[in-house]
Each structure stands twice: as C-alpha cells, then as structure tokens.
1. If you take the residues in region 105-115 that are surrounded by 14 or more Cβ atoms within 10 Å (Cβ to Cβ) and not hydrophobic (A, V, I, L, M, F, W, C), which one is nearest to the chain's Cα centre (by Cα)?
2. What's the number of the condition ALA241 fails, among (1) farther than 28 Å from VAL106 by Cα; (2) of a type outside the set (S, T, N, Q); (3) in contact with a helix residue (DSSP H, G or I) (Cβ under 9 Å, 6 or more places away or on another chain); (4) outside the structural domain of LEU112 (by TED's automatic domain parsing)?
3. Any residue that is free of Cβ contacts under 8 Å to residues at least 40 places away in the same chain and β-branched (Val, Ile, Thr) - is there at least one of those in region 262-277?
4. All but one of (1) assigned by TED's automatic domain parsing to the domain that holds ASN273; (2) in contact (Cβ under 8 Å) with a residue 40 or more places away in the chain; (3) surrounded by fewer than 18 Cβ atoms within 10 Å (Cβ to Cβ) hold for LYS128; which doesn't?
5. Would a scan of region 293-306 turn up a residue that is closer than 19 Å to ARG350 by Cβ and not in a loop (DSSP other than H, G, I, E, B)?
6. Given the condition among the aromatic types (Phe, Trp, Tyr) and at pLDDT below 65, answer yes or no: does some residue in region 66-86 qualify?
Amino acid sequence: MALTPLKKDAEAPQPAAAPPAGAQADGAAPAATATGGAKTGLRRKILLGVAAVAVVGLAWFGTDWFFNGRYNISTDNAFIRSDITRVTPKVQGYVTAIHVKENQAVKTGDLLISLEAADFEARVAQAKAELAQAEADAAQADARIAAQRDTLAEARAAREAADASADLSSSDAKRFAELADKGWYPKAKVEQAEAAKRTTAAQLTQAEAAITSQRSQLTSTQAAAQSAVAKVEAARAKLAAAELDLGRTQIRAPIDGIVANKTVAEGQLLSPNQAALAIVTSGDAWVIANFKETQIAEMKVGQCAHIHVDAYPHLKVTGRVESIAPNTGATFSLVPQDTATGNFTKIVQRVPVKIVVDKEA
C-alpha cells in the first residue's frame, strides 16, 4: 500500500519515487500505524490514571468533609500574642554598658543595662556620714538624760535634807517658845529658833523648786533624745533610699523571656519611665483568632482547637478556647464605624476569640 504525501501548494500529485535498492516499500505503512496506536494507548492510560486519582481524591475529601469538615470552622485571620514587659529605668543616668543583644534569652535577675553610678555612690557616702552624725547626737542625748537624772536625784536628796532641817527647826522653835513662856528660856534664843525655822522652810521651798526645774529639764532632754532618734531613723531611711537608687543603676530583667525592641545605646541619657527595651515572655502564648460573626454560634469556651503556624507548616499545635470577646474587633478601632449614617453597608463583623496553647506544645 502506497502512502499519499501531503500536497505542496496547488501542484498536481506526482508519481511516487522508486524505493531505493534493497528497501521494502510495503513495510512502511504498518510501522507508522503501530507507533500511532502505542501513543494513543499510553495517552488513554495516563488520562484514566489521572481521572482515577481525581475521583479517589474527591471521594476522600468528600468523606472527610461529611464526617469532620462540615462540623469545623476555621479562619486565617489569627495572630499569636504574648505578654510584653517594657523595661524602663527608675533613675536617670547615662548608659555605660549594655549586657544583652536583640532576641537574646534572659532569666529573671539577669543584668541588662548599667548606668553611670558615680553620683549615686556619692549620695550613699553622704547618707552614711549623716547617719553616723545622727547616731552620735542620739548617744549624746542619752548621756544628757543620764546626767539629768543624776541631777534630779541630787535635788531630791537636797529636798529631803531641807525637809528634815525644817522639821527640826520647827520643833525647836515650838519647844523654845513653850520654855520661854514659863520663863525658863531666854527670848533671844526663841527668836533665833524662829529665824532658823524660816530659813529651813525657805531652803525646803528652794529644794522643791530645784526638783521641779530638774524634772522640766529632764523632760526637755528626753524630748531632744527622741528628736535625735527620729533623726537617726531619717538618716537610715535616706541611706536606704540612696543605696536603692545606687542598685537601680543596674537594670535587671524582671521576668524570663526574649529581649526585643532594644532602642538603647551606650552613652545615651535614660530617664525614668523611658522604655529601653522590651522582654517577650517565652512560656505563655495565646492566639487571637478573629472569626466571622456567623461562625461563633456553636462556639463555646473549652472547645479544642487545632493551630497551624505558617512558619512551621509541619508543626502540630493544639489549644482550647478560653474566652470569646463580647464585642467585635471594630468596636475598639481607632475610628469606630458609624452605623447610623445613611450610607451604611452591611459587612460581616469579626469577633476576637482567645485560644490558649496547650502546655505540651
């Protein structure tokens, strides 16, 4: 059987060329037919295989959706959250050293930043000197109290002696007067006895006044001693505050975590409440998932959740619903939507749902 070649332009068919010597002209057509049939069969097998895989895949996904997928809700609008602690100095000073780097793990109490401490060391030395002076003044006040008590005791002893002399003079004057009335004692002696009586009475009064004065001085001395003690306490408090401020020149990590957002540099002047860096807690993390309002009807606290992290596609993380926000995310936006306007457009709102990650994760 001869094959008809393709027409070239509009020319009439030309007679077939004679086959070369030794060639078999009748064998060309069966070979071409066999090759075309093999290609058609292979294509059919490939198509059937692809169709079978597609059918199996659709069946598997359909079965999974029927038994599981239709009961699950999901969203890609989710973010991982963790506690962030801003580290700020409590005293003002120039940064002399930074002991951590960005993204470095730290433990509670680790040294983060050192501030210039010369001024604070001088304040501590001054506070110590003031405390020593106050303690010396308090000791002197105690000594004055002891001396004043001794003086008061002497005044009391003098009063006792004056009291005894007054009693004796009074008794003598009375006895001498009785004897003089009987003519047995001279009048001059009686007058001397009366004078002695008045003298001892005055001495007694003076001794009592001295006691009153010494008591008053003792009270004043005790008040001065209490003031000295108060000054000692004030000096101790001042020293404690100075030492506390000196310790605050060493800024330490308040929690365990990862250093982030480090904005401080050596030589920089830091002021109280000025953020130097942040520490992100590495232990407790949660997810804020913003579900559509149409998805939360069957959602409840305590339900299990499967979390897929884009950075770790093969990591399996589980959690549970801890709380559902009582408001939509737009409520606390910078510019809340005014739904009372005439050009209101219905938009499905998103409700934040907090999902805590299981500890095993």
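The values are calculated or read from the model by the stated rules, or taken from the named source; none is laboratory data. A quick note: this is a predicted structure, and the numbers were derived from the prediction, not measured. Glycine gets a Cβ as well: all are built from the backbone with ideal geometry, and neighbour counts include every protein chain shown.
1. Checked region 105-115; the qualifying residue nearest to the chain's Cα centre (by Cα) is ASP110.
2. (1)
3. Yes, there is a match, as at least one residue in region 262-277 is free of Cβ contacts under 8 Å to residues at least 40 places away in the same chain and β-branched (Val, Ile, Thr).
4. (1)
5. yes
6. Yes, some residue in region 66-86 is among the aromatic types (Phe, Trp, Tyr) and at pLDDT below 65.
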